[in-house]
């Protein structure tokens, strides 16, 4: 398969032009372009340009609002409830993370939840925004029900990703960005597009039986929770997904579980719930960044069990 290399600038410009042509204003289109390019750059190819058509269709159909700004409905010194007003997910996400960081400057922590949002790209895009301010960042979102819980055969939970970013010394950082499902749905779609089997443990068919056929996963089946089957610890991913649902859909008063619209069905608004947290390490023990750097170095310097593979740490693009 031939490959074409495109600069981040050109890719972002293309996305922005597409969104503006669909009806988004320049600021909103630019916000989306930044997060989609970052998704591809960090190796989350299922959440980059691969998703552009979905955002374009949402704006063109009017199911997602092309204009406006999020609204703070309720707040305290350290918390806020935001109405995303059905805007593009990155517009809501940037607004909420900025607000969480502002609150963390004053109160030590900022915890902001949003309702009325849409798909916001990779969760790590928002947690990493806190790094520039020397803070720990966290980001969570619920999604359309795509995951079959352990011992079930019906999709009732989303991939419900979470991300944690922590600053280290000299500009280094720890960044965790992962779904609480075994894999992102977009990766199964990529396997189906290439007529390839998916790895065992990624998904199940309509009877809840594990399958390696991506079409069976996509047609009436579903993804498995992080960990795969019950035997390999899938119930732990199930629990993590429930935690994200509580932080997002439940806490924000958004849609949750089976109440979230079906993936790629645009007959009603998504009303996703999202959660954004910023924590100021200076409110705790001194030397935080130095200790994070030491923790990273401990693991980067471990001897790998194979000369063919380097040891990864959740910090750099392509590390996870």
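Structure data summary
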read-out: Added length on full extension, which subtracts the Cα-Cα distance from 0.36 nm per residue, residue 170 to residue 107; value: 20.1 nm
read-out: Tail weight of P(r) past 15 Å, computed on alpha-carbon pairs of segment 100-196, percent; value: 68 percent
read-out: Debye log10 I(q)/I(0) for segment 208-320, one point scatterer per Cα, at q = 0.21 Å⁻¹; value: -1.20
read-out: In nm, spacing of pseudo-spin labels at residue 212 and residue 195 (7 Å Cα→C-beta vector); value: 1.8 nm
read-out: Centroid-to-centroid separation of segment 44-70 and segment 93-143 [C-alpha atoms, Å]; value: 20 Å
read-out: Efficiency of FRET from Cβ geometry, residue 152 and residue 283, R₀ 35 Å, rounded to 0.05; value: 0.25
read-out: Calculated FRET efficiency for the pair residue 303/residue 71, C-beta based, R₀ 51 Å, to 0.05; value: 0.45
read-out: Rounded, prolate or oblate (a/c below 1.5 giving rounded, otherwise prolate when a/b exceeds b/c) for segment 25-65 by Cα gyration tensor; value: oblate
read-out: Anisotropy class of segment 1-150 from Cα gyration tensor, a/c 1.5 cut; value: prolate
read-out: Kirkwood-type radius of segment 142-256, with distances r between different C-alpha atoms, in Å; value: 14.5 Å
read-out: Helix-only mean residue ellipticity at 222 nm for the chain, each DSSP H run of n ≥ 4 adding -39500 (n - 2.57), per residue, nearest 500; value: -10000 deg cm²/dmol
read-out: Contact order normalised by residue count of segment 13-141, Cα under 8 Å, 6+ apart, percent; value: 21 percent
read-out: Length gained when the stretch residue 243-residue 257 is fully extended (0.36 nm per residue, less Cα-Cα span); value: 3.9 nm
read-out: Relative contact order (percent, whole number), segment 142-295, Cα cutoff 8 Å, 6+ residue spacing; value: 26 percent
read-out: Highest-fluctuation residue, 267, 98, 40 considered, GNM on the chain with Cα pairs under 10 Å; value: 267
read-out: Cα gyration tensor of the chain - equivalent ellipsoid semi-axes, whole Å, descending; value: 28, 26, 21
read-out: Relative contact order [Cα under 8 Å, 6+ residues apart], the chain, whole percent; value: 18 percent
read-out: Stokes-Einstein translational diffusion, segment 43-94 - Kirkwood Rh over all Cα pairs, 0.692 mPa s, 37 °C, in µm²/s; value: 259 µm²/s
read-out: Segment residue 78-residue 3, extension gain: residue separation times 0.36 nm, minus the distance between their alpha carbons; value: 22.3 nm
read-out: For segment 1-60: rounded, prolate or oblate by the Cα gyration tensor [a/c cutoff 1.5]; value: prolate
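We did not get these values from a lab; they are worked out from the coordinates using the rules stated. No experiment lies behind these values; they were computed from the predicted model shown. Backbone-built Cβ (ideal geometry, glycine too); neighbour counts: all protein chains shown.
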